[in-house]
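**Q** Here's a structure for you.
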Amino acid sequence: MHVSGSLATEIISTITNILLFSIIPMVWYLLKEKTFKGFIHSLGIYKPEKINILKVAIIVTTVYLITLGANIIVIVTENSGRNSVDLQGYKAAELFIYLLIYGMKTGIAEEIFFRGFIAKKFIKRLGFSKGNVIQAIVFASPHFVILGSASIADIIVRIMNAFLLGYVFGYIMDRKCQGSIIPCMISHIIINMISSFVLSIIL
């Protein structure tokens, strides 16, 4: 597929993904509040009043490097059933745009649903300790379902990585950003971009 066609397809996929992940939170909010007013804010889509950017960056980077290292080990030991995206033929600017759109596809959608909706509900009802663990488990659960062939080691690593990142994002959202999911979105997008690029090289 031509680069422009690939980018267009990825943009459509990203928009669709965000809309799909927003449906349940939106319907839930409408049934409860009888209005759209305040919906965006309820998801945590607002600028945090106070945030230690360096501390958040160190926490996210540390956990991400652990998960990336685990992924690389699985791949180099030939225990992975992953498929990489073919990034050949992209110029530097096109590659960056593609990776950004790719990163936004789940980076925005998953943060809206898992942190903006699921985490907030469980933490409010059960407290941070229990609620954040549960939302991280919920976030990791879809990683049991993997298309293609995958070894047990690969599946375990994916689930553990998703749980760790899910827990850290919940921690940052609730304890470091006054309920805002914006820093988690940005972190998630960057992680997706780097992972996609790195894995396309080594796979």
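The values are calculated or read from the model by the stated rules, or taken from the named source; none is laboratory data. As the structure is a computational prediction, the values presented were derived from the model and not from experiment. Ideal geometry is used to build each Cβ from the backbone, glycine not excepted, and the neighbour counts take in all protein chains shown. With ligands, DNA and RNA removed, areas are computed over all heavy atoms of the protein, side chains included. Shrake-Rupley method; radii C 1.70, N 1.55, O 1.52, S 1.80 Å.
**Q** How much accessible area per residue does the chain have, in Å², with a 1.4 Å probe?
**A** Value for the chain: 57 Å² per residue.
**Q** Please return the longest stretch of the chain lacking exposed loop sites, where trypsin sites (Lys or Arg not before Pro) count only if DSSP places them in a loop and at most 13 other Cβ atoms lie within 10 Å.
**A** 92-203
**Q** I've got another one for you. Could you give log10 I(q)/I(0) at q = 0.21 Å⁻¹ for region 44-144, computed by the Debye formula over C-alpha point scatterers of equal weight, without solvent?
**A** Cα-only, vacuum Debye calculation for region 44-144: -1.40.
**Q** Which is the longest part of the chain that has none of the GluC sites (Glu not before Pro) sitting in a DSSP loop with at most 14 other Cβ atoms within 10 Å?
**A** 79-203
**Q** Can you find, among I194, C184, H41, the residue farthest towards the positive end of the dipole of the chain? Put +1 on the C-beta of Lys and Arg, -1 on that of Asp and Glu.
**A** Looking along the dipole axis, the top candidate is H41.
**Q** With each run of n ≥ 4 DSSP H residues scored as -39500 (n - 2.57), what mean residue ellipticity at 222 nm is computed for the chain after dividing by its residue count and rounding to the nearest 500 deg cm²/dmol?
**A** One gets -23000 deg cm²/dmol as the mean residue ellipticity at 222 nm.
**Q** How much of the accessible area of the chain, in percent, comes from carbon and sulfur atoms when a 1.4 Å probe is used?
**A** Carbon and sulfur atoms account for 69 percent of the accessible area of the chain.
**Q** Let me ask something else about it. Please compute the Kirkwood hydrodynamic radius over region 98-188, one decimal place, Å, based on all pairs of different Cα atoms.
**A** 13.4 Å
**Q** Filter the cross-link list K50/K105; K91/K120; K55/K121; K55/K105; K47/K130 down to pairs whose alpha-carbon distance in this structure exceeds 30 Å. Each step should come with its number before you reach the end.
**A** Values: K50/K105 27 Å; K91/K120 41 Å; K55/K121 26 Å; K55/K105 26 Å; K47/K130 26 Å.
Checking Cα-Cα distances, K91/K120 exceed 30 Å.
**Q** When you take every Cα atom in region 5-50, what is the radius of gyration, and what is Dmax, the widest Cα pair distance, in Å?
**A** 14.1, 41
**Q** What's the local net charge at F114, with K and R +1, D and E -1, over the other residues with C-beta under 12 Å away? Numbers along the way, then the final one.
**A** Working: positive: R115, K120, K121; negative: E110, E111.
Surrounding charge for F114 is +1.
**Q** At a threshold of 8 angstrom on Cα-Cα distance, excluding pairs fewer than six apart, so keeping six or more, what relative contact order does region 102-196 reach in percent?
**A** Worked out over region 102-196, it gives 40 percent.
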